[in-house]
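What follows is a single structure, written as structure tokens, with notes after it.
The values are calculated or read from the model by the stated rules, or taken from the named source; none is laboratory data. Remember, predicted model here, so these are calculated numbers, not experimental data. Heads up, the Cβs are rebuilt from the backbone with ideal geometry, glycines too, and the neighbour counts pull from every protein chain shown.
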Amino acid sequence: MTGDSHADDLVVFAADGRDAEDTTDEALPGWKVLVVDDEPDVHVATRLALDDVEVNGRRLSFLNAHSAAEARDVLARHDDIAVVLLDVVMETDRAGLDLVHFMRRVLGRAETRIILRTGQPGLAPEIDAIRDCDINDYKSKGELTRTRLFSSVTVAIRSYDQIRAITASRRGLGQVVAATAALMARRDLPAFADEVLAQLSALLRVPDTGIVMACDGAEPPRPAVAIARGYPDILPGWTLDRLPASPGRDLIDQACTGRCNVRGAGGQAFFVPGQNGKMVVLLPPSTNNDVEQDLAEAFCANAGIAYDNVILYGRLRNLAFVDPLTGLPNRQGFVAVIDARIAAAPDREGRVALIDLNGFGEVNNVLGHDQGDELLRAVAARLGQGLPEGTTIARLGADTFGLLGDEAAMTPEAIHALFVEPLPLHGASRPMSVTVGLADIGQVSGDGRTLLRKTDVALRRAKQENARSMWYRSEDATELGVRLRLLDELRAALAAGDINVAYQPQIRLADGRIVGFEALARWRTADGRDIPPATFVPLAEQSGLIVELGRLVLRRALGDLARLRRTMGAELTMAVNMSMLEFQDSDTLGHIRQALEAAGLPGSALEVELTESLAAQDPAALAVRLKSFRDEGIQIAIDDFGTGFSSLGRLASLPLDRLKIDRSFLADVEHPSSQRTIVAVMVELAHAFGLDVVAEGVETPGQLDALARLGCSLAQGYHVGRPMPFDRLTEWLDRRSRVPAPAGLLGQPNLH
């Protein structure tokens, strides 16, 4: 026993009638203090001295061990011991120090504070041992008055609390970083909201039940349920006003409108800020310290950044998978829905249909794009209202819609019945018929893209055969395969420049002189097959290769025309067919200029032939486009006139040079007939509007004579000359130049 001048503060290590074993080593409220000493009186005296002590508002809770071995067991079972009052000398002279090594090195208890006590000052540990083992204090038992013991323990507990807070903060920041990384991996709103709920509840150590509501960018925000875990009666998409009245709903409202975190009887609501959207997370109540609250705020700030990424990804996904005009899935989105249907239905039950709107191009071009867009939205609405629930509707192209649904409900008759009544259009109504291609999922092997492609084959066949609807046939696969292989060959031929050009002469009927040629694309494959233009030109148009094909023919034709001009000494012209896709391309005029310059020809040497369907376009825009060609000196001709739906009056209002009468009107032109009358009217009206007339497909002398008598200006056809490659054309021209021309055109020899 040791004395001190301050008798009142003296700690007397004497029994007080209570057994030291009365204090168990079970976890108790308050700061846990482990007393390790082989003297029972020390345990009793320590408790008497510190029993009523509070540090930072919490009392002490004592654990007892009478040996280093017993202390190891206690330490192993309690990981939240704040202070260890440790006797240095127990079983051995180093028992206390060995226990310190066990705590620090084996158990990794870096936060627990250690106060060494010894009754044998001569056996005090070395300075190095105190430093290396992170021992907070060392006292001989004789020095420990109550005040000094209180002071040492208080300092140690406060140090422990600070270290724990720092460690928790570091650990929490690690959790925040890891949680943010997990959030960044989520791309859709439900998965993101679920991850936010899981990570925030783990950070705050509360059950992961709660509600996550996404707030839109409106003012005030309109929150809607993204996920509700533990609330089976609350469904995603519910707005705040649909939630049952409760303190929790009030907290969500306060957090969303106040843009802050709030607590109350209903739990705690955390506000997740973002640039493009906000979130509110409702969690169960908890008693969190300041560090945890700070970490929660840091997490919410990072979650807001991740939420902006989710919104951005959603917008990009919409651009990739949603048609902006109708809000329906586009082709990519439709393929994804079909793939999901195939995966979910191993029996491959279901049907795909493609709908093409007949005559939509006329509406779009004549009435304008605004009314065309209105018509498309009306079709989407009609399909949505008339088809059974669960049917997927998509817009796949300009005037093509896709349907995916049950076989029993989605029949050709049911689809056509939807369009019996006219569609509303600009305050009026417009009749609309459709062409339908269909295929059953079970009929076609492969994925959604394959199924859609094969249904498209059925649709195209229906349009080619003027049928209302057609089903995909197994033999169509062979036709499709042939088309795909041919398309690959065409693409390779264009890349290699292996497209040839043939030239058909045009003569002036007044004197029989050759005035120009029409350039016609020809294709012989590498294995010697001649592919007809009627086969490969539509294929080029459908695939978008028509622009490349047209430019190749243009360059080749102008180069050959320059050689013919030099040889014949005449201002010959070259007519080149141009698709509407090429005509509308903003780069086309620049390519024409380059080709003319390379050939050393003026613009007047070129005639561009367009189909009369161009008259269905917006007149003002079309006139501007045509004038830009005419300003270069380029002549404009309308090909195959009479086969479309335009009127001569409408065409005559455009800056044109000539009309080409289609061959279908020449079969009976040499005899009195309705065809002869039609041709006569065409020629007379064309001349009245200042246009030349070219008759194409002239095959007999009688047709040539009749056209001359009707006042037709120019002619071409097999009777004049067949389409010829350049070398044969030059031979033909050489032979023709040696035959004397008759006085009149009638009787002109047919040299070809």
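List, please: which pairs have Cβ atoms under 9 Å, are six or more places apart or on different chains, and start with a residue in segment 368-390 that is in the same structural domain as Leu404 (by TED's automatic domain parsing) and of a type in the set (Gly, Ala, Ser) and end with one that is modelled with pLDDT under 90 and part of a helix (DSSP H, G or I)?
Partner pairs satisfying both residue conditions: Gly372/Phe360; Gly372/Gly361; Gly372/Val363; Gly372/Asn364; Gly372/Asn365.
Inside segment 487-543, can you point out the residues that are of a type in the set (Val, Ile, Thr) and closer than 25 Å to Arg460 by Cα? Give the steps one after another, and end with the answer.
Initially, segment 487-543 is screened for residues of a type in the set (Val, Ile, Thr), giving 499, 501, 507, 514-515, 525, 531, 535, 537.
Selection gives Ile531, Thr535, Val537.
Tell me, please, whether a residue that is touching a helix residue (DSSP H, G or I) at 6+ places or on another chain (Cβ under 6 Å), under 30 Å from Ser445 (Cβ atoms) and modelled with pLDDT of 90 or more can be found in segment 372-387.
Checked segment 372-387: no residue is touching a helix residue (DSSP H, G or I) at 6+ places or on another chain (Cβ under 6 Å), under 30 Å from Ser445 (Cβ atoms) and modelled with pLDDT of 90 or more.
Taking segment 51-91 as the region of interest, how many residues are of a type in the set (A, V, I, L, M, F, W, C), farther than 15 Å from Tyr160 by Cβ and surrounded by 15 or more Cβ atoms within 10 Å (Cβ to Cβ)? Even if it seems obvious, please write down each step before you answer.
Within segment 51-91, the subset of a type in the set (A, V, I, L, M, F, W, C) is 53, 55, 60, 62-63, 65, 68-69, 71, 74-76, 81-86, 88-90.
Filter again for farther than 15 Å from Tyr160 by Cβ, leaving 62, 65, 68-69, 71, 74, 76, 88-90.
Subsequent filtering for residues that are surrounded by 15 or more Cβ atoms within 10 Å (Cβ to Cβ) retains 62, 65, 68, 71, 74, 88-90.
Going through segment 51-91 one residue at a time, the tally reaches 8.
Only strands (runs of 3 or more DSSP E) wholly contained in segment 466-572 count here; list those with 1 or more residues that are of a type in the set (A, V, I, L, M, F, W, C) and closer than 28 Å to Gly717 by Cβ. Step through it out loud before you land on a result.
Details: elements: 469-471, 500-508, 514-524.
Correct list: 500-508, 514-524.
Search segment 517-542 for residues that are of a type outside the set (Asp, Glu) and pair each with any residue that is part of a loop (DSSP other than H, G, I, E, B) when their beta-carbon atoms are under 6 Å apart and the residues are at least 6 apart or on different chains.
Leu520/Pro723; Ala521/Ile499; Trp523/Ile499
Looking at this structure, is Val547 under 30 Å from Leu704 (Cα atoms) and among the aliphatic types (A, V, I, L, M)? Lay out the reasoning, then the answer.
Details: under 30 Å from Leu704 (Cα atoms): no; among the aliphatic types (A, V, I, L, M): yes.
Taking the combined requirement at face value, the residue does not satisfy it.
In segment 28-40, which residues are surrounded by fewer than 21 Cβ atoms within 10 Å (Cβ to Cβ) and either out of contact with any helix residue (DSSP H, G or I) (no Cβ under 8 Å at 6 or more places or on another chain) or among the small types (Gly, Ala, Ser) (or both)? Quick ask: steps written out before the conclusion?
Let us first name the residues in segment 28-40 that are surrounded by fewer than 21 Cβ atoms within 10 Å (Cβ to Cβ), namely 28-30, 38-40.
Across segment 28-40, the qualifying residues are Leu28, Pro29, Gly30, Asp38, Glu39.
Can you find a residue that is modelled with pLDDT of 80 or more and among the polar types (S, T, N, Q) anywhere in segment 162-182? Even if it seems obvious, please write down each step before you answer.
First pass over segment 162-182, keeping only residues modelled with pLDDT of 80 or more: none.
So far as segment 162-182 goes, no, none of its residues is modelled with pLDDT of 80 or more and among the polar types (S, T, N, Q).
So which residues in segment 413-441 are part of a loop (DSSP other than H, G, I, E, B) and touching a Pro at 6+ places or on another chain (Cβ under 6 Å), if there are any at all? Quick ask: steps written out before the conclusion?
Of segment 413-441, the ones part of a loop (DSSP other than H, G, I, E, B) are 418-422, 426-427, 431-433.
If the condition is that a residue be part of a loop (DSSP other than H, G, I, E, B) and touching a Pro at 6+ places or on another chain (Cβ under 6 Å), then Pro422, Pro431 are the ones that fit.
Across segment 231-290, what is the total count of residues that are polar (S, T, N, Q), surrounded by 15 or more Cβ atoms within 10 Å (Cβ to Cβ) and at pLDDT 85 or above?
Looking only at that region, the number is 3.
Please determine whether any residue of segment 107-128 is closer than 24 Å to Asp161 by Cα, of a type in the set (Asp, Glu), modelled with pLDDT under 80 and not in a loop (DSSP other than H, G, I, E, B). So that I can check it myself, show each step before the final result.
At the first step, the residues of segment 107-128 found to be closer than 24 Å to Asp161 by Cα are 107-117.
Then drop every residue that is not of a type in the set (Asp, Glu), which leaves 111.
From the residues that got through so far, the ones that are modelled with pLDDT under 80 too are none.
Scanning segment 107-128 turns up no residue that is closer than 24 Å to Asp161 by Cα, of a type in the set (Asp, Glu), modelled with pLDDT under 80 and not in a loop (DSSP other than H, G, I, E, B).
Within segment 571-610, can you find the residues that are polar (S, T, N, Q) and over 20 Å from Val547 (Cβ atoms)? If you could, list the steps in order and put the result at the bottom.
First pass over segment 571-610, keeping only residues polar (S, T, N, Q): 573, 577, 579, 584, 586, 588, 594, 604.
Within segment 571-610, Thr573, Ser604 qualify.
Here are Leu509, Leu539, Leu520: which of them is surrounded by 13 or more Cβ atoms within 10 Å (Cβ to Cβ), closer than 22 Å to Glu571 by Cβ and modelled with pLDDT under 95?
Details: Leu539 fails: closer than 22 Å to Glu571 by Cβ; Leu520 fails: modelled with pLDDT under 95.
The unique qualifying residue is Leu509.
For segment 366-411, which positions are touching a Lys or Arg at 6+ places or on another chain (Cβ under 6 Å) and in a loop (DSSP other than H, G, I, E, B)?
Leu396, Glu407, Met410
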